[in-house]
Structure formats: structure tokens, C-alpha cells
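Data block below; observations after.
The values are calculated or read from the model by the stated rules, or taken from the named source; none is laboratory data. Please read these numbers as outputs of a predicted model, since none were measured by experiment. Methodologically, a virtual Cβ is constructed for each residue, glycine included, from the backbone with ideal geometry; neighbour enumeration extends over all protein chains shown. With ligands, DNA and RNA removed, areas are computed over all heavy atoms of the protein, side chains included. Shrake-Rupley method; radii C 1.70, N 1.55, O 1.52, S 1.80 Å.
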Amino acid sequence: MADNEDTPTALGPNTQLIRAGYNPFDFHGFINPPAVHASTVLFPDAETMEKHGQKYTYATRGTPTTDALCNAINELEGAAGTILVPSGLAAVTLAFLAYLSPGDHALIVDSVYGNVRHFGDTMLTRFGVEVEYYDPSIGGAIEGLFRPNTKLVHLESPGSNTFEMQDIPAIVAVAHRHEAVVTMDNTWATPLYFRPLDFGVDVSIQGSTKYPAGHADILMGTISANAKYWKRLKHANGALGICGTADDAYQVLRGLRTMGVRLERHQANALAIAEWLETRHDVARVLHPALPSFPGHDIWKRDFKGASGVFSFVLSVERREDFKVKAQAFLNGLSLFGLGYSWGGFPSLALQVDLDDRRILKAPEEGPVLRLQIGLEDVADLKADLERGLAAARAA
Ligand SMILES: *Cc1c(COP(=O)(O)O)cnc(C)c1O
């Protein structure tokens, strides 16, 4: 946990990434912060101990290593404070636990990350919260879903797997009129390509497992709040004892330093491949917000500074009963793309998207939805691999 100290925001995003969160001269000039492995922190005397009269008191409440990362995220998000948790999923669930109570009503976007829906439908419901899903394209008409007990609106834009864009300022305006907290899962864009708090969102959530860590080897999440909602978040963090570790915080901060250049390459590679897929007859549609053909493109262009490397496409398959066999033939035909969950690391990944749990949105009719995480390989090699997959799907 770290409170924001006054930080300059005039620097460019890549310069900011290089410097954010830690001053080398706070630790003998070493460029990276020490990885402080700790539980106990000693106090010099009983009086200091009684008053908790020093900066660090126990490692669940922060260490110099976790503070360096929290300070860096605060700068990038423009937040009053940030907490670290052990995964991106935990970042969303902890935010819900921080702001919701029995009897409250929560509005969650229907294109939400699937494991968050599972939490909403099981534990959150069991704890007496009424969970309702809304159409990502609802905009200001979300007002019609508000009840006297609506306390939280959760956004994810673009949405998981199908990438629907949300009119964030319109939803925020309604939510704030009704005194509801607005939380947003911003894992796709990272604060480099979209800063939720600048658009009125109260709490910005990041799966640091993805682009900040960047190497498919770390699990972590961050939750960053504005001044109004920071205290409650910090309290939930302390009450639950859910915190990040020194080694993971060290690695995520290390990843952040290069996130700008990595994202630029993810963006360029993904867009080149999305545009190429769009020209193919065996592809029905490409779901990528930076393509002018995509329904949410205007919102993306209005609000976002860039696009990351994950998108989906709809394979063109005539008969529904062939969807699965064609999708699996495509995936089995790939050799450079790995088949695996998550994204944001250096290698390319592919999977078939499961949309069965959607309540409002319908799965495309034209064929199976395949999600691609475009990594840092050479585009020509990735295209050749996708050609092999598409040929295998045709042959199936
Ligand atoms: C992956 C993901 C998460 C969860 O991150 P983990 O660290 O894997 O738990 C949360 N939200 C979104 C949008 C994601 O894509």
C-alpha cells in the first residue's frame, strides 16, 4: 500500500515508466529496489511499537519493494492509492468485497471476465448481493437499471473475448448521480492506453499478470482508487490480509520498465494480423476495437490511446454442428501459437472462446470465436502459422 505523493505528470509515458515508483538514491543508487523478504519488522522500543510509530509495521501492510510498485502504479493511473493482490481475479473480487454489503445491488457488464461472473453468481450472491448483468452497449440508458440499493457498477472495456466497447463517461455520469462506485477492469488497455480515473472511474483494476509482468511467469493484480474510495479499499486490504509478495512485486516493476515498447510491438503485430484476417474469405468477422469495421470503433478512437495485442475472430463455418470440429482443427493446425489461457506475455497464444455463460449478448452465428494473443514474434511467421491453422480448418 502506498499513498500518492505529489508526482510530476508532464513526462512522456515511456519516460514515466522508466522512473516511476522508486528513486535509486533511496537505496545507495542501485537502479532497482531491493526485494525485501519479510514478515516481521522490528520496532526500536515499546513506545514506538504501541503507537505503530514508524513507516513499516508488518509486511502484510507493505514493504519498500511493494511500495515501489504501488507508487509506480499510482503515477501511471493518477490514483490516490494502490494495493497489490495475488492475481487479477483477486483484484476484482477484493474490490467487490470492499464496496458491497448484503442487500446491495451490483451492475456488472455482460462481457465481463468469466471468472468474475462466477464469483458474482456464487459467493457474492451467497453474501446477499443482488447481481445483475447489463449490455455493454447500454451507455446512459443504464439509468433504467438503477434501483435505490444499486451501489456498484463494474465496467470492462473492451469486454473479455468479444471486445465490446462501453461508453464510459455516460455510464460514470449516471452512476455518480446515484452515488454508486464505478469499478473498471482495465487489463486490456493498461494505463498506458486508457486511464480510467481520468474518465471519472473511481477504481481501476489491472491484471498485472498480463502486460505489466509480460513474461507469462507471474500472477498479480493491482487495484487503484481515487481519493474518495481509497480509504475503504485500503481497509479491505488490511482486513482480508490479501497482499502481494516481494518477489512478484519486484518482477512486475521490472516488467513495467519495458511495457511501453512491448505494448507498441503487441499493438502493431496484432493490428497487422487483424487487418490481414479481415481480407480472408474463411474469416466471417474480426473483433478488434482498432478496426474501423468494428461496432465499438468510434468509442475506442474517442477515448483510448492505443490497442493491445488480444483480439478475436469468427471463423466462417456454415453449419453450427461443425463449429467445434473446425475450431479444434484450426487450433491443432497451429505450431507457433501455443494453446493456453491468459495473455500479455511474449509468446502468441490461441483458444476457442466459450460464450455459453453470457446472459444478454449472443454468440456470433457465423461460426466459432477464436481468440488470439499476438506475441512479439515476427508477423510473417505468425501469418504463416495462421495459414496452416486455417488450411487445417478447411480440410476438417
Ligand atoms: C486475465 C484477466 C483477469 C485475471 O487475471 P489473473 O491474474 O489471471 O487472475 C482479470 N480480468 C481480465 C480482463 C483478464 O483478462
Can you give me the C-alpha center-to-center distance between segment 67-144 and segment 176-216, rounded to a whole angstrom?
10 Å
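With the full set of protein chains in place, find how many percent of the accessible area of the chain is carbon and sulfur; take the probe as 1.4 Å. Provide the component values of the computation, followed by the final result.
Working: 9350 of 17360 Å².
Roughly 54 percent of what the probe reaches on the chain is carbon or sulfur.
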Given a 1.4 angstrom probe, what's the average accessible area per residue across segment 9-256, in square angstrom?
41 Å²
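Give me the compactness ratio for segment 260-395, meaning the Cα radius of gyration over 2.2 N^0.38 Å.
Working: Rg = 14.4 Å, N = 136, 2.2 N^0.38 = 14.2 Å.
My calculation over the Cα atoms of segment 260-395 gives 1.01.
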Check the straight Cα-Cα distances from Lys234 and name the aspartates and glutamates below 17 Å, setting aside those fewer than 8 residues away within the same chain.
Asp3, Glu5, Asp67, Glu77, Asp202
Averaging the inverse of every distinct alpha carbon separation and then flipping it gives the Kirkwood radius. What is it for segment 84-148, in angstrom units?
12.5 Å
Within segment 246-319, list the trypsin sites (Lys or Arg not before Pro) lying in a DSSP loop whose Cβ has at most 15 other Cβ atoms in a 10 Å radius.
Arg280, Lys305, Arg319
Determine, from the Cβ-Cβ distance of Met123 and Glu377 and an R0 of 51 Å, the FRET efficiency 1/(1 + (r/R0)^6), rounded to the nearest 0.05.
0.85
Farthest toward positive dipole pole in segment 9-256 [+1 Lys/Arg, -1 Asp/Glu at C-beta], among Phe119, Ala170, Gly12:
Gly12
On average, how much accessible surface per residue is there in segment 260-395, in Å², for a 1.4 Å probe, leaving out ligands, DNA and RNA?
48 Å²
Starting from the Cα of Lys231, draw a straight line to each of the lysines and keep only those under 18 Å, dropping any in the same chain fewer than 8 residues away.
Lys55, Lys151
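How big is D, in µm² s⁻¹, for the chain by Stokes-Einstein at 20 °C and 1.002 mPa s if Rh is the Kirkwood radius over C-alpha pairs?
Working: Rh = 21.9 Å.
Translational D for this selection: 98 µm²/s.
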Computed label-point distance, nm, for sites Arg177 and Lys301 using a 7 Å Cα→Cβ extension:
2.8 nm
GNM on the chain, Cα springs under 10 Å; top mean-square fluctuation among Asp385, Asp185, Asp67 goes to Asp385
Can you tell me which lysines have their Cα less than 27 Å from the Cα of Lys301? Leave out same-chain residues fewer than eight positions away.
Lys210, Lys362, Lys383
